[in-house]
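Note sheet for the following structure.
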Amino acid sequence: MADDRVKQVKEANDIVDVVGQYLSLRPAGQTFKGLCPLHDDHTPSFDVDPRRQRYRCWSCQKYGDVISFVQEFEHVGFVEALELLARRAGITLEKTGASPNREGRARLLDVVRWAAQQFHACLLDDPQAEAARRYIGERGLTGETVRKYGLGYAPASGNWLVGKAQTAGVSEELLETVGLIAKREQGPGHYDRFRDRIQFPIRNVQGQPVGFGGRILPASPLAARAPKYYNSCETPLFSKSDSLYGIDTARNAAASAGFLAVVEGYTDVLMAHQMGVLPVTATMGTALNARHVRQLRRFVPRVVLVFDADEGGDAGVDRALALFVGCDVDLAVATLPGGLDPCDLLLAQGADAFRAVLDGAVDALEFKLNRVLAGDGSAGVEGRRRAVESVLGVIALAPTLPGQAGAVKMQLLVNRIAQRLALREENLWARLDELRRERGGGTDPRPGRAAEEDGAERRAKARPEERHLLEVLLAEPEFVPAAYAAVRPQEIEHPGLRALLEGLYALLAAGEPVSLDLLRERLDNVRLAEHALKLQDVGRRMTDRAGALRDLLRCFEERRTRPVKEELHSRLQAPGDHEAALELLRQLTQRTHGGGGLTPPL
Ligand SMILES: [Zn+2]
């Protein structure tokens, strides 16, 4: 990939815009601040600098430019990240036939988008989608909603999508990877996994379809033996346990609403949005978990979990309380009037009734306390004892927030329980400790610990001259030929710096332009690239790089000859070893004058 293409993609993707698609950023002086999406952040540690087009996390130390951000966040390589950014900016990158990432994320996204278009076109126009259109009309969803959310229909035949793919020349292998078709158990070929279903495209935070939820038509002959809802299986693009339906629309309304609400069904989300209640999203048929909460927390500090009155049983409440304790979020619980789901409520009583439900949400601890105290006999000593056991039992098992944030939150919780139940805090703390010991709960192996450790080797002390050499070369690639002639990679002791120098030399030897961007493509190691970007930035701040390079090359030469000089010196002092000393002198002269050095390829 040509160097100027990389530059073009970077110029077309402002780092604030791109990062802002993944999390809420607030202006803070000349930079923008947000919660770091690369670790479990509790204070906004993530800085984005628009002038230098860099991000930095003050907590997990991640650092880089727009391409490394996409690499980190999407867990993709350099080429894929570049491809994703190019698409975002409407730039077409020419394909190099040998690209190892042809099955990459961008291609998978293309395939899902293509399929979504097929299902959508079918729902809008195809005669076989008649029953589907009727069903959607009966649910009260408008044509505008159908278009805006790209709803579709997957016909019942079982080979409809396979046929479309063959006609359009779309890869069946990729369709299989994204979970839309599967190999037949008997005989050759594939079959459609979604049949006779309304297709709800599930979009990621940036609004790209990554999977589907399919709802079988009630009158379908398949309905008796197939599940009512069927989701895309786990694919490289889609994971059921952390996807949120409608998040791409809901997140934009989160800041002004001050919260994001979580409901259960696709139609609940669609109806809420259709009626103007926008900060509403849904899990994919799974209970709200810590991964969901971390995503939502990136946009807004308050999450409202909407329970159906009958269904939100004790287990659901306890799970919510555990999340409230273990996540840095204001998790509130709202209950719907008996027997209604949000969609029913919205249709029967309108948007204001639903808004009132959301407004009536109370935080998860309050909700749990209300519930246990509403139980019979709660006024007496025994009732209060049972309430304490029930609440502390959940808290004792929940993972706790790390550090000060966790200690403060726990203090507040215990304080509130004490007040509410008219008990002394010391007694609650003692009981909590007891429960934790009994159950072995209360700690959480924090995710990302391993990732922090893998940086240790990279940060191993490098000799200053090795670090400075890379700082200069990365900031001033025209100097690479001079270094190539004078310093061998084997002379660099630090493994990371050595890899960078080898990469630069390899580009030079291959006759490619020597630049950090091309080096990153070659190395495809985000940790190393991060290191290189830091070095480059230091190098760019140097005033006299040419002078620095001269000094450095002299320093390396000094390093190379020092051991020989020292030995020569000692041998010359030893009597009767002149023969050997003269040989050393010869070697030293050769080295100093570049004999045996590398010949630059230019
Ligand atoms: Zn971080």
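The values are calculated or read from the model by the stated rules, or taken from the named source; none is laboratory data. Everything numeric here is computed off the predicted structure, so don't read it as measured data. A quick note on method: Cβ atoms are made from the backbone with ideal geometry, for glycine too, and the neighbour counts reach across all protein chains shown. Calculation scope for accessible area: heavy atoms of the full protein, side chains included, ligands and nucleic acids excluded. Shrake-Rupley method; radii C 1.70, N 1.55, O 1.52, S 1.80 Å.
A quick yes/no check of all residues on (1) surrounded by 19 or more Cβ atoms within 10 Å (Cβ to Cβ); (2) at pLDDT 90 or above:
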position: I417; (1), (2): yes, yes
position: E426; (1), (2): no, yes
position: R437; (1), (2): no, no
position: D454; (1), (2): no, no
position: L474; (1), (2): yes, yes
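Here's a check for you: in the range 126-162, which residue that is hydrophobic (A, V, I, L, M, F, W, C) and assigned to a helix (DSSP H, G or I) is farthest from R195 (Cα to Cα)? Break it down into steps so the answer makes sense when it comes.
Restricting attention to the range 126-162, the residues satisfying the condition of being hydrophobic (A, V, I, L, M, F, W, C) are 129, 131-132, 136, 141, 146, 151, 154, 156, 160-162.
Pick out the ones that are also assigned to a helix (DSSP H, G or I) and you get 129, 131-132, 136, 146, 160-162.
Numbers: A129: 12, A131: 13, A132: 12, I136: 17, V146: 19, W160: 9, L161: 10, V162: 12 Å.
By that ranking, first place goes to V146.
Looking at the range 261-291, which of its residues are farther than 25 Å from V325 by Cβ and either assigned by TED's automatic domain parsing to the domain that holds I216 or not in a helix (DSSP H, G or I) (or both)?
The first filter runs over the range 261-291 and keeps only residues farther than 25 Å from V325 by Cβ, leaving 265-278.
Those that are farther than 25 Å from V325 by Cβ and either assigned by TED's automatic domain parsing to the domain that holds I216 or not in a helix (DSSP H, G or I) (or both): G265, M275, G276, V277, L278.
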| remark: Flagged pairs (Cβ under 6 angstrom, 6 or more apart or on separate chains; first in the range 48-62, closer than 17 Å to L23 by Cα and modelled with pLDDT of 90 or more; second near the ligand (Cβ under 8 Å from one of its atoms) and among the polar types (S, T, N, Q)) are C57/S45
| Close pairs from the range 8-19: first over 12 Å from R88 (Cα atoms) and modelled with pLDDT of 90 or more, partner assigned to a helix (DSSP H, G or I) and among the β-branched types (V, I, T), Cβ under 7 Å, at least 6 apart | I15/V66
| said: Take the residues in the range 339-360 that are closer than 26 Å to F324 by Cβ and in contact (Cβ under 8 Å) with a residue 60 or more places away in the chain; name whichever of them is most open to solvent (accessible area, probe 1.4 Å). | reply: R355
| If A165 passes every condition in (1) part of a helix (DSSP H, G or I); (2) not assigned by TED's automatic domain parsing to the domain that holds E138 but one, which one does it miss? | (2)
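Determine, yes or no, whether A315 is in a helix (DSSP H, G or I) and open to solvent by 10 Å² or more (accessible area, probe 1.4 Å). Give the steps one after another, and end with the answer.
Working: in a helix (DSSP H, G or I): yes; open to solvent by 10 Å² or more (accessible area, probe 1.4 Å): yes.
Here the answer is yes, as A315 does meet what is asked.
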| request: Report, by residue number, each residue of the range 149-172 that is open to solvent by 30 Å² or more (accessible area, probe 1.4 Å) and touching a residue at least 60 places away in the same chain (Cβ under 8 Å). | output: A156, S171
| request: Quick one: E530 ticks every box in (1) touching a Leu at 6+ places or on another chain (Cβ under 9 Å); (2) more than 17 Å from E466 (Cβ to Cβ); (3) touching a residue at least 40 places away in the same chain (Cβ under 8 Å) except a single one, so which number is it? | output: (1)
| query | How about the range 458-497: which of its residues are part of a helix (DSSP H, G or I) and charged (D, E, K, R)? | reply | R458, E465, E466, R467, E471, E478, E491
| field | Within the range 498-602, helices (runs of 4 or more DSSP H) holding 3 or more residues that are out of contact with any strand residue (DSSP E or B) (no Cβ under 6 Å at 6 or more places or on another chain) and modelled with pLDDT of 85 or more | value | 516-523, 526-540, 545-573
| Where F119 falls short, out of the listed (1) open to solvent by less than 20 Å² (accessible area, probe 1.4 Å); (2) touching a strand residue (DSSP E or B) at 6+ places or on another chain (Cβ under 6 Å); (3) more than 23 Å from S232 (Cβ to Cβ) | (3)
| said: For a quick check of your reading of the model, give me the residue pairs whose first member lies in the range 108-123 and is on the phi < 0 side of the Ramachandran plot, whose second is part of a helix (DSSP H, G or I) and open to solvent by 40 Å² or more (accessible area, probe 1.4 Å), with beta-carbon atoms closer than 7 Å and at least 6 apart or on different chains. | reply: L108/T177; Q118/K164; L123/R133
| field | Qualifying residue in the range 53-61 (condition: more than 10 Å from the ligand (Cβ to nearest atom) and closer than 18 Å to V526 by Cβ) | value | yes
| note | Taking the range 202-260 and the residues there that are surrounded by fewer than 16 Cβ atoms within 10 Å (Cβ to Cβ) and part of a helix (DSSP H, G or I), the one that is nearest to the chain's Cα centre (by Cα) would be N252
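Scanning the range 1-44 for residues that are under 12 Å from C57 (Cβ atoms) and open to solvent by 50 Å² or more (accessible area, probe 1.4 Å), which turns out farthest from the ligand (Cβ to nearest atom)? Steps first, please.
The initial filter retains those residues of the range 1-44 that are under 12 Å from C57 (Cβ atoms), namely 19, 23, 33-41, 43-44.
When the remaining residues are screened for being open to solvent by 50 Å² or more (accessible area, probe 1.4 Å), the result is 33, 43-44.
Working: K33: 12, T43: 10, P44: 10 Å.
Here the answer is K33.
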| query | Just to be sure, is F69 buried (at least 20 other Cβ atoms within 10 Å of the Cβ), free of Cβ contacts under 8 Å to residues at least 24 places away in the same chain and within 16 Å of the ligand (Cβ to nearest atom)? | reply | no
